[in-house]
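Notes for the one structure printed next.
Derivation of every value follows stated rules applied to the coordinates shown; laboratory data play no part. Bear in mind that the values here come from a model prediction, so they are computed numbers and not experimental data. Every residue, glycine among them, receives a Cβ derived from its backbone with ideal geometry; neighbour counts consider all protein chains shown.
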Amino acid sequence: KFTAALFDLDGVIVDTANYHYLAWKTVADELGIEFSEKDNERLKGVSRMESLAILLEIGCLQCDEATKIALAEKKNKTYVTYIEQMDAGELLPGVRDYIVKLRRRGVKIALCSASKNAPLILQRMQVEDLFDVVIDGNRVEKAKPDPEVFLEGARALGVEQQDCVVFEDAKAGVQAAKAAGMYVVGIGQEEHLREADIVVNRVDHAEMEKFF
Ligand code: BG6
Ligand code: MG
């Protein structure tokens, strides 16, 4: 049995993928890059700067560091205007209850996200108190698929990596969690998440009694 649950944020707790997509789309349009929802799958789970690098690669464009920073800031400004309007109604179904039940069973809970906007989103969703620790994009150096964010989560909870179950919706995130030596529940479609140990459609479809 596992003693800790580590949750990704975007796409696991809350469905922000479309807001990320719309915000990158404004940047893409401005640069004349054709950017589809299918391309957006590649941006899931990876850091803001890495997302920009992928977008520029799709458009076969290169630019200097200062321009990159300006573009990433622009995207984030648009993204923040979307998330500032979010409320607890946009929590993914069943997530809150699932975590509340885990807590009652004594399972330790961490949020392990690449996003620098995690604190704002948690606040908007009113779920800050569900997590014993929050490790986000402001606290880690290496983006998923590097295992840093999950190893840091386990360390902060005071548990061993093999005692952790990770809930992840992105390919890069599943790879990061596997590289950390953890059990991975993939959230979403099997085709993107083949490296996960099991795949379910939503968090509360992972049988709690089986794992914790
Ligand atoms: C991840 C998202 O959670 O956070 C990525 O899946 C995003 O799409 C990354 O790029 C970084 O987010 P932010 O909010 O710091 O730009
Ligand atoms: Mg995610």
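The alpha carbon centroids of the stretch 141-169 and the stretch 70-128 are separated by 17 Å.
Database remark: amide H of Asp15 closer than 5 angstrom to the amide H of Leu92 (H placed geometrically; neighbours at sequence offset of 5 or more, or on other chains; Pro and chain starts carry no H). Over the Cα atoms of the stretch 91-162, the radius of gyration divided by the Kirkwood radius equals 0.96; this is the Rg/Rh ratio. By the helix-only formula, in which each DSSP H run with n ≥ 4 contributes -39500 (n - 2.57) and the sum is divided by residues, the chain has a 222 nm mean residue ellipticity of -12500 deg cm²/dmol. The 3J(HN,Hα) values that the Karplus relation (6.51, -1.76, 1.60; θ = phi - 60°) gives for the stretch 184-200 are, in residue order, 10, 9, x, 10, x, 8, 3, 4, 8, 10, 4, 7, 6, 6, 9, 10, 10 Hz. Gly and Pro appear as x. Charge tally for Ile54 (other residues, Cβ to Cβ under 10 Å; Lys, Arg +1; Asp, Glu -1): -2.
Here the gap between Asp87 and Gln62, fully extended at 0.36 nm per residue and compared with their Cα-Cα distance, gives a gain of 5.3 nm.
Placing +1 on each Lys and Arg Cβ and -1 on each Asp and Glu Cβ, with no other charges, gives the stretch 172-212 a dipole about its Cα centre of roughly 120 debye. For Glu207 and Asp132, a Förster radius of 30 Å and the Cβ-Cβ distance give a FRET efficiency of 0.85, rounded to the nearest 0.05.
Close amide H pairs (under 5 Å, H built 1.01 Å from N) link Val140 with no residue at least 5 positions away or on another chain.
Once backbone amide H atoms are built at 1.01 Å from N, Asp10 has no partners under 5 Å, excluding neighbours fewer than 5 places away on the same chain.
Seen from Leu43, the other residues with C-beta closer than 13 Å to its C-beta sum to a net charge of +1, counting Lys and Arg as +1 and Asp and Glu as -1. Here the Karplus curve 6.51 cos²θ - 1.76 cosθ + 1.60, taken at θ = phi - 60°, turns the phi angles of the stretch 153-164 into couplings of x, 4, 4, 5, 7, x, 10, 7, 4, 6, 8, 9 Hz, with x standing for Gly and Pro. Applying the Karplus relation 6.51 cos²θ - 1.76 cosθ + 1.60 with θ = phi - 60° to the stretch 6-15 yields 3J(HN,Hα) values of 10, 10, 6, 9, 5, x, 10, 8, 9, 9 Hz, where x marks Gly and Pro.
The peptide list 107-120, 31-44, put in order of mean Cβ contacts within 10 Å with the highest first, becomes 107-120, 31-44.
Electrostatic bookkeeping for Arg139 treats Lys and Arg as +1 and Asp and Glu as -1; over the other residues with beta carbon under 15 Å from its beta carbon, the sum is -2.
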